[in-house]
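Written out below as structure tokens is the structure these notes cover.
Bear in mind that the values in this text are calculations on the coordinates, not laboratory data. These numbers come from a predicted model, not from an experiment. With ideal geometry, Cβ positions are generated from the backbone for all residues, glycine too; neighbour counts draw on all protein chains shown.
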Amino acid sequence: MAQHQPERPEEPRVHPGGRLEPVPEPETPAEDPSVVSGSPGNGPDGEPSGGREASADADPEAAHRAAREAERKRQQRRRKLLHDCERLLLLDFDTLAMPGWPDHHQLHLARRRRDSWLLLLSVLAVVVLAGMGNLVPALIGGVAFGALALAALWGLPGVRHVFTHQASHMELLLKRRRLLHRARKHVEHLEGPIGLAAACRPLAEYNPALRRSRYTSLYNLSERGQLVDSIRNRSQAQLYLIFALEAEKAYNRLREEYLRTHEQMLDEGDAEPLDAAARASDPGVVPVPESDPGPDSQESGAAGGDSVTAHSP
């Protein structure tokens, strides 16, 4: 039986010159570089590097464009708020403050004078009636009758103002009613058809004092159109005056911010210059530019005029 001899490892072959040829190593499957590090055109996350660079370049432009559009919308909102609250500039301080309002002390003194006058008239009338009934001497009755006539004349404003400038109780009440009526008319003029207090409620962004709870009733009544009817005394008129003054402060701040932002947009070329027509117009209405008559229309008009003159006698 032939014995199995173990295979000897292959010895390196000797080339002329004494160089040795290395033994070839077993071939191993090469790893796909695209599997390890991604495809040559992709980044580490598998996204195209060229698309990422393009999006990075486009993002600042898109963000700048979105910021300009947002600022333009804010400017439109500011302009509309300025237009809605423009009636604040018509505020008359004295009409709502009512500096000549008769206070309770004046009314109390006038009421005491009126009661004393009525008591005097009653006493004199009793004495006159007693004199007519022969209960007192006729002389006393006659003097009482003369005093009664003079006291009755004292009740006439023209006669009373000759001797004193103090207003009567009725005159003070009429003055109160007249001042309150003027204040209500002024509030009605300020409120207008849209309700000034309700329209100026967003001005609280520029004056936090407008967020106070004391103004909540004004906002609700103005929104329902019942604010004028609710003003029945001086305190309510003065509350509206305080609100109007606070809203006017916020209006001035809003106008300054609007003009400052508009100047910045003008420098960047994103806005057109303001003119008198734009300031006076409603921001919600887009003005339609008038078309200039072309040369053809002018020539036709001139031809029509020549024909009219030719046919005229």
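With a Förster radius of 45 Å applied to the C-beta separation of A130 and E188, the computed FRET efficiency comes to 0.20. Placing a label point 7 Å from the Cα of Q166 along the Cα-to-Cβ direction, the residues of region 104-127 whose backbone N falls under 12 Å of that point are 106-117.
Straight-line cross-link reach from K249 at under 30 Å between alpha-carbon atoms covers these lysines, not counting any fewer than eight positions away in the same chain: K73, K80, K185. Calculated from the alpha-carbon coordinates, region 91-174 shows an Rg and a Dmax of 18.3, 67 Å respectively. Over the C-alpha atoms of region 192-270, the Rg to Rh ratio, Rh being the Kirkwood estimate, stands at 1.12.
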